[in-house]
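Every number in this text was worked out from the coordinates using simple rules, so none of it is lab data. No experiment lies behind these values; they were computed from the predicted model shown. Positions of Cβ are generated from backbone atoms using ideal geometry, with glycine treated the same way; all protein chains shown enter the neighbour counts.
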Amino acid sequence: MLRAIAPDLWVAEQPLKYFGLEVGTRMTVIRLNQDRLAIIAPIQLQDKTVEQLNQLGNVNDIIAPNLYHHLFLNQCKQRYPNATVWATSGLQDKCPDLLINKILGDHTIQSFNGLEAAQVAGFNTLGIKGYMPLNEWVFFHAKSRTLIITDLAFHFDRQSSPSAQLISRVLGGYQQLRPSLLEKIATTDKEQVRQSLQPILAWDFERVIMAHGSIIEQDGKRQFQRGYEWFLDVR
């Protein structure tokens, strides 16, 4: 089921386990000009959700924002065969069976009217086979002053599952918007990350939507910046 967050902005959530922990996952839907819908990090689409989407507009863009959020990409494309599937670089090599139309690159920002995009380079995360690059793109919806991230940071709090609360307390970051200690250890080129964050911190956002954890409605920019000062060891 879609849940309205702001004008022309919705989310939908579903359970998801990672390394046995219930972390949940979330997709974001933005209505752009001419009733075009963009879906970021699609989840498994139920019939009711599809009905809601069809009432809101036409699904024009489906976006896999990093190397990990692709499990339901093909299902979403099959539901909306005329939509363009965008994926971060490296995903087609990782999963050759994905129905990808275009690769996110330096000029893709021009393809999302009303939605800005930027890539964070140098950020590594913990994968099944060890530490791997995330290759994540983040998005800014100026109309609602919303930053949309996927795995770049987490925000587990009292609304999260007991297992997510426990691991965030152990690794640090409970009730804070930031990457975990594991990403901090895995990421060695923090200068590249710092440079990538500069255009993001230039955006005027208040709300932060992430794939895992509770949405931050107020003071999101300050919390995001504070989380990355910890990540980058800024004193």
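Structural remarks
- Taking the centroid of alpha carbons for each part, region 207-235 and region 158-195 are 10 Å apart.
- Residues of region 189-220 with amide N under 11 Å of the 7 Å Cα→Cβ point at Asp233: 189-191
- For the chain, the 222 nm mean residue ellipticity estimated from helices alone, with every DSSP H stretch of n ≥ 4 adding -39500 (n - 2.57) and the total spread over all residues, rounds to -7000 deg cm²/dmol.
- Counting beta carbons within 10 Å around each of Arg145, Arg31, Arg222, Arg158 and listing the fewest first gives the order Arg158, Arg222, Arg145, Arg31.
- Within a Gaussian network of the chain (alpha carbon springs, distance under 10 Å), most fluctuating of Ala118, Ala164, Ala142: Ala142
- Inter-part distance where region 52-100 and region 1-16 are each reduced to a Cα centre, Å: 17 Å
- Relative contact order of region 54-156, defined on C-alpha pairs under 8 angstrom at six or more residues apart (%): 23 percent
- Beta bridges by DSSP in region 3-231, antiparallel share as percent, to the nearest 5: 65 percent
- Using the Karplus relation 6.51 cos²θ - 1.76 cosθ + 1.60 with θ = phi - 60°, the per-residue 3J(HN,Hα) values for region 150-163 come to 10, 10, 6, 7, 10, 8, 8, 9, 5, 7, 7, 5, x, 5 Hz, with x marking Gly and Pro.
- Farthest towards the positive end of the charge dipole of the chain, among the residues Phe112, Gln225, Met27, is the Cα of Gln225, using unit charges on the Cβ of Lys, Arg, Asp and Glu.
- Each Cα pair under 8 Å and six or more residues apart adds its separation to the average, and for the chain the resulting relative contact order is 16 percent.
- Normalised by residue number, the volume inside the convex hull of the Cα atoms of region 94-187 is 142 Å³ per residue.
- Phe140, Phe154 arranged by Cβ crowding within 10 Å, fewest neighbours leading: Phe140, Phe154
- Multiplying the residue separation of Asn113 and Ala6 by 0.36 nm and subtracting their alpha-carbon distance yields 36.8 nm.
- A simple spin-label model places the labels of Leu126 and Ala142 3.9 nm from each other, with each point 7 Å out along Cα-to-Cβ.
- Computed over region 1-71, the alpha-carbon pair-distance distribution with 5 angstrom bins reads 3, 16, 27, 27, 15, 8, 3, 1, 0, each value a whole percent.
- Note on the chain: with a GNM built from Cα contacts shorter than 10 Å, the maximum mean-square fluctuation among Gly213, Gly173, Gly57 falls on Gly57.
- All Cα pairs of the chain, percent lying beyond 23 Å: 45 percent
- Of Ser160, Ser144, the sequence from fewest to most neighbouring Cβ atoms within 10 angstrom is Ser144, Ser160.
- Highest GNM mean-square fluctuation among Leu32, Leu171, Leu152, for the chain modelled with Cα contacts below 10 Å: Leu171.
- Listed cross-link partners Lys77/Lys190; Lys129/Lys190; Lys17/Lys94; Lys77/Lys143; Lys143/Lys184 are compared with a 25 Å cut-off, the Cα-Cα value being larger for Lys77/Lys190; Lys77/Lys143; Lys143/Lys184.
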